Protein chains: 2
Amino acid sequence: MNVEFINPFLIALLNVTSTMANLKLTPGKPKLKADNLAKGDISGVIGMISPQTRGSLSITFEQGLILEIMQNMLGENPGKLNEEVSDLVGELTNMVTGGAKKLLAEKGYDFDMATPAVVCGLNHTISHKANGKKIIMPFTSPYGTAFIEICFEE
Amino acid sequence: MNVEFINPFLIALLNVTSTMANLKLTPGKPKLKADNLAKGDISGVIGMISPQTRGSLSITFEQGLILEIMQNMLGENPGKLNEEVSDLVGELTNMVTGGAKKLLAEKGYDFDMATPAVVCGLNHTISHKANGKKIIMPFTSPYGTAFIEICFEE
């Protein structure tokens, strides 16, 4: 998996959080995921399929960050992870994946997206099982950290 | 979503656990998922796409049950959820979805599967975000409970 393939996801998340939530995330360096799992409190997971490959993507948020995003996008902060926050994470997962899908299509990679599922549980971890390299991208903010992880079949 | 669409997943899980792990799960009645979320300790999540629809599926295990399945399939029980258990849940998710895909194809529903991601975290919940009905199927055993959840766009 090359950087041409990863950047669209990074760009899409930064776009979505800055335009929708007026929040500037600071992207860290994408890394191959080895032992150090991303941990977080709520995650969107979505499958992607193209004629050439298939894989999965997750976006994981720490509670403080997703509540700040909710506050900025919807003007309400429930103070905990509830069904509205879960729905928001599902929508963010769709928006980021949809944004990346569009950028990837311009480069000649056509993907179909499945629908997202959202996992809620303090300090959970996610492990992607496609047989390709696992890439993890951290995004920091004063409110907490987000991680995108992607993995595609080679 | 009709029962013709659900039964293949039920049958596939019962087949896999009985043939691979020599373990008889008792299926409960499929239900529309409302408030009562399935909770569990480790889950496989996978996306599915067909020409007509797209959706997501999860299989959630309580720790005691997945460790018993691991003991029966691989002759080892690590006593906790580690990377080997996570890989096993990924493989079970592939096997169950692949089995259901085959049965669905015989009925004229052709699906492509994405690749699974596995979530690990005590007492997490999963919420599927496709806009169709959410179906949850419980499976009980002396070692703990498993849940299959599926949701497809209408």
Here's a check for you: in the range A:1-26, which residue that is more than 24 Å from A:Leu81 (Cα to Cα) and of a type outside the set (A, V, I, L, M) is surrounded by the fewest Cβ atoms within 10 Å (Cβ to Cβ)? A:Asn2
Counting only residues in the range A:126-154 that are of a type in the set (Val, Ile, Thr) and either under 16 Å from A:Pro8 (Cα atoms) or surrounded by fewer than 23 Cβ atoms within 10 Å (Cβ to Cβ) (or both), the one nearest to the other protein chains (Cβ to nearest Cβ) is identified as A:Ile150
Within the range A:106-125, restricting to residues that are more than 9 Å from chain B (Cβ to nearest Cβ) and either in contact with a helix residue (DSSP H, G or I) (Cβ under 8 Å, 6 or more places away or on another chain) or under 20 Å from A:Cys151 (Cβ atoms) (or both), the one that is surrounded by the most Cβ atoms within 10 Å (Cβ to Cβ) is A:Phe111
Which one is farthest from the chain's Cα centre (by Cα), of the residues in the range A:127-152 that are closer than 25 Å to B:Thr60 by Cβ and not in a strand (DSSP E or B)? A:Asn131
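Test B:Thr97 against the criterion of being under 19 Å from A:Gly55 (Cβ atoms), of a type in the set (S, T, N, Q) and within 11 Å of chain A (Cβ to nearest Cβ), and give yes or no.
On the way: under 19 Å from A:Gly55 (Cβ atoms): yes; of a type in the set (S, T, N, Q): yes; within 11 Å of chain A (Cβ to nearest Cβ): yes.
It is true that B:Thr97 is under 19 Å from A:Gly55 (Cβ atoms), of a type in the set (S, T, N, Q) and within 11 Å of chain A (Cβ to nearest Cβ).
Given the criteria more than 13 Å from every other protein chain (Cβ to nearest Cβ) and crowded, with 24+ Cβ neighbours inside 10 Å, does A:Phe61 qualify? So that I can check it myself, show each step before the final result.
Values: more than 13 Å from every other protein chain (Cβ to nearest Cβ): yes; crowded, with 24+ Cβ neighbours inside 10 Å: yes.
Taking the combined requirement at face value, the residue satisfies it.
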Please list, ordered by first then second residue, the pairs with beta carbon atoms under 6 Å, 6 or more apart or interchain, first in the range B:128-154 and over 23 Å from A:Gly44 (Cβ atoms), second of a type in the set (Gly, Ala, Ser). B:Pro138/B:Gly28; B:Phe139/B:Ala146; B:Tyr143/B:Gly64; B:Gly144/B:Gly64
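Report yes if some residue within the range B:103-126 is in a helix (DSSP H, G or I) and touching a residue at least 40 places away in the same chain (Cβ under 8 Å); otherwise report no. Walk me through it before giving the result.
Going residue by residue through the range B:103-126, those that are in a helix (DSSP H, G or I) are B:103-106.
So of that shortlist, the ones also touching a residue at least 40 places away in the same chain (Cβ under 8 Å) come out as B:103-104.
There is at least one residue in the range B:103-126 that is in a helix (DSSP H, G or I) and touching a residue at least 40 places away in the same chain (Cβ under 8 Å).
When only residues in the range A:30-47 that are closer than 21 Å to A:Gly99 by Cβ and surrounded by fewer than 24 Cβ atoms within 10 Å (Cβ to Cβ) count, which is modelled with the highest pLDDT? Steps first, please.
Here is the first cut: in the range A:30-47, the ones closer than 21 Å to A:Gly99 by Cβ are A:30, A:38, A:40, A:42-47.
Still in the list and also surrounded by fewer than 24 Cβ atoms within 10 Å (Cβ to Cβ): A:30, A:38.
On the way: A:Pro30: 87, A:Ala38: 73.
By that ranking, first place goes to A:Pro30.
Can you find even one residue in the range B:42-57 that is touching a strand residue (DSSP E or B) at 6+ places or on another chain (Cβ under 8 Å), more than 13 Å from every other protein chain (Cβ to nearest Cβ) and not in a helix (DSSP H, G or I)?
no
The values are calculated or read from the model by the stated rules, or taken from the named source; none is laboratory data. This structure is a prediction, so every number in the text was calculated from the model and none was measured. Here Cβ is always computed from backbone atoms with ideal geometry, including for glycine, and neighbour counts include all displayed protein chains.
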